[in-house]
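Below is one structure; the comments refer to it alone.
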Amino acid sequence: MRLFQNSRYYPSLRTKIRELTRSHAGFAAKIRAFLDFREAAAHTLLPVEEAAEWAFFTNGDDLELQRVWAREHGLGPRASAADILKAQIEEHRADVFYNVDATGWNREFVRSLPGCVKTTIAWHAAPFRDAPLADYDRVVCNFPSILERLVQQGCRTDYFFPAYDPELEPFAARRERPIDVLFVGGYSRHHLKRAAVLEAVARLAGEFDIVYHLDRSRLTRLAESPLGRLLPLAEHRRPSPIRAITREPVFGRDYYDMIAQAKIVLNGAIDMAGADRGNMRCFEALGGGALLLSDQGNYPEGMTAGETIVTYGSPQEAVERIRGLLADPEARERTARAGHAMVSTRYSKQIQWQRFEALVASI
């Protein structure tokens, strides 16, 4: 197998990535610096982590990065992002193309991949109807209901999952955790249910140390701007209790460091997720040794309410759970340890890669 993994990262992280990679000369060094930062490392496949010669990784939508590779390989300055990505695939002689950014590339791109590619797999964990997914050999994620909907749209699907990042181990080992409740994630019109929980928990800030790191959507940023306050966008603004405790978004190792300071990591599904649960934050929070407090639903195997995680059914119940967990540190820490032990073994990088190999073999 010759593997090519294409990914992307949040636009708000771009400045940080530029700072991390500025002193690194050449495409390969910049990619290694990105991988060492551990952003979305739960999705990075094991051969990429191990820098196997036959595994190639890039963030195809990062045109500045991609043009470094293009210059190194003689492509002109006018080469498009699609031209560069296809040239990388061809130069690597990849026979397996794994795209973690399936919505970022149109149907024409997928249909015009170099002839060396024999197998195409896309990760897709959101019920968007306009993504060009049916042309992939398999569309994968760990949300069964989304996979069912994708089948109805003509896709061939299979179950796949994020993995525990072993780089989290020293973070999980920290015992001093001054933050009582931490939430790190997005805030947009797709997060209305989550926003209600965030607001209820934020009102505990006078009693406990509650910390939010929110990556606001463009619409939320507009709604909260001086101009936006003159527009009918009130429903997109964060309530004042949330704004009062919100800090700038964090990613990668900076995010890991925040988890390591937290007793409880709060989680909540986006409105489109249905009853399925198990977003990447679940794997990261458990991996970082914090107790995961998340909304009720259907979780991946091993994420069991009352054993490895704690769940809530409403904003008020989330508040009650937090009070109870902080009043009983022994029980909280026992559940957190069980969660870490589970995710670090059941969802290791080795097991994830074995599953991926099985997927390729089945196509």
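Values in this text are rule-based calculations from the coordinates and carry no lab data. Because the structure is a prediction, the values reported are computed rather than measured. Here the Cβ is made from the backbone with ideal geometry for all residues, glycine too, and neighbour counts use every protein chain on show.
Take the Kirkwood radius over Cα pairs of region 166-346, plug it into Stokes-Einstein at 4 °C and 1.567 mPa s, and you get 78 µm²/s for translational diffusion.
Within 10 Å of each candidate Cβ there may be at most 14 other Cβ atoms; applying that plus a DSSP loop requirement, which GluC sites (Glu not before Pro) in region 160-210 survive? Let's see the in-between values first.
Numbers: sites: Glu167, Glu176, Glu199, Glu207; in loops: Glu176, Glu207.
In loop regions of region 160-210 (DSSP not H, G, I, E or B), the sparsely surrounded GluC sites (Glu not before Pro) are Glu176, Glu207.
Remark: the chain carries a charge dipole of roughly 760 debye about the Cα centre, counting +1 on each Lys and Arg Cβ and -1 on each Asp and Glu Cβ. Each of Glu148 and Glu72 was given a label point 7 Å from its Cα along the Cα-to-Cβ line. The distance between the two points is 4.6 nm.
Note on the chain: percent of Cα-Cα distances in each 10 Å bin, starting at 0 and stopping at the bin with the largest distance, equals 5, 23, 32, 26, 12, 2, 0. Here is the list for region 274-363: GluC sites (Glu not before Pro) lying in DSSP coil, each with at most 11 other C-beta atoms within 10 angstrom of its C-beta, are Glu301. For Lys86, the lysines whose Cα falls under 26 Å of its own Cα, not counting residues fewer than eight places away in the same chain, are Lys30, Lys118. If R0 is 30 Å, the Cβ-Cβ spacing of Asn298 and Ala327 corresponds to a FRET efficiency of close to 0.55. Excluding the site residues themselves, the longest part of the chain lacking any chymotrypsin sites (Phe, Trp or Tyr not before Pro) in a DSSP loop with at most 16 other Cβ atoms within 10 Å is 209-363.
The ranking of Leu13, Leu219, Leu20 from fewest to most other beta carbons within 10 Å of each one's beta carbon is Leu219, Leu20, Leu13. Seen from all directions on average, region 75-140 presents a Cα convex hull projection of 4.6 nm².
In this rough spin-label picture, where each label sits 7 Å from Cα along the Cβ direction, the Phe208-Glu64 distance is 3.9 nm. In terms of surrounding Cβ atoms within a 10 Å radius of their Cβ, Ser188, Ser112 rank from fewest to most as Ser112, Ser188.
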